[in-house]
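The values are calculated or read from the model by the stated rules, or taken from the named source; none is laboratory data. Keep in mind that this is a model prediction, so the values were computed, not measured. Cβ placement follows ideal geometry from the backbone for every residue including glycine, while neighbour counts extend to all protein chains displayed. Note: areas computed on protein heavy atoms with side chains; ligands, DNA, RNA excluded. Shrake-Rupley method; radii C 1.70, N 1.55, O 1.52, S 1.80 Å.
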Amino acid sequence: GARFYYVHSYYVQPDDALIVAGYSEYPNRFTSAIAQNNLFAVQFHPEKSATAGLQMLSNFVNWCP
């Protein structure tokens, strides 16, 4: 239920649905995060996303895949 800051309308459409780690709905559902092995990528700007973004950056720092 957290809200994140987007600055454009681009998004990835992965061939492998298993790497989708998160999605957004605005107004249609689209992939906003992917993860595979030790790679985790997001389409939004966590550094500009207030408390939720700061928590996500903290999670990145402490992540042990």
Given a Förster radius of 35 Å and the C-beta distance between Ala50 and Asp16 as r, what FRET efficiency does 1/(1 + (r/R0)^6) yield to the nearest 0.05?
0.65
Once every DSSP H run of n ≥ 4 in the chain is given -39500 (n - 2.57) and the sum is divided by its residues, what mean residue ellipticity at 222 nm do you get, rounded to the nearest 500 deg cm²/dmol?
-6500 deg cm²/dmol
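In Å², and per residue, what accessible area does the chain have when probed at 1.4 Å with the other protein chains present?
Values: 5280 Å² over 65 residues.
Per residue, the chain has 81 Å² of solvent-accessible surface.
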Please compute, for the alpha-carbon atoms of the chain, the extent along each of the three principal axes and give them in descending order in Å.
28, 26, 19
Using the Karplus curve 6.51 cos²θ - 1.76 cosθ + 1.60 with θ = phi - 60°, what ³J(HN,Hα) values do you get for each residue of the stretch 47-55, in whole Hz, with x for Gly and Pro?
5, 10, 10, 6, 4, 4, x, 5, 5
Leu57-His8 pseudo-label distance in nm [points 7 Å out on the Cα-to-Cβ vector]:
2.1 nm
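Which chymotrypsin sites (Phe, Trp or Tyr not before Pro) from the stretch 1-58 combine a DSSP loop assignment with at most 10 other Cβ atoms within 10 Å?
Working: sites: Phe4, Tyr5, Tyr6, Tyr10, Tyr11, Tyr23, Phe30, Phe40, Phe44; in loops: Phe4, Tyr6, Tyr10, Tyr11, Phe44.
When the chymotrypsin sites (Phe, Trp or Tyr not before Pro) of the stretch 1-58 are filtered for loop state and at most 10 Cβ neighbours within 10 Å, Tyr10 remain.
Which percent of the accessible area of the chain is formed by carbon and sulfur heavy atoms (probe 1.4 angstrom)? Let's see the in-between values first.
Values: 2790 of 5280 Å².
So the carbon and sulfur contribution to the accessible surface is 53 percent.
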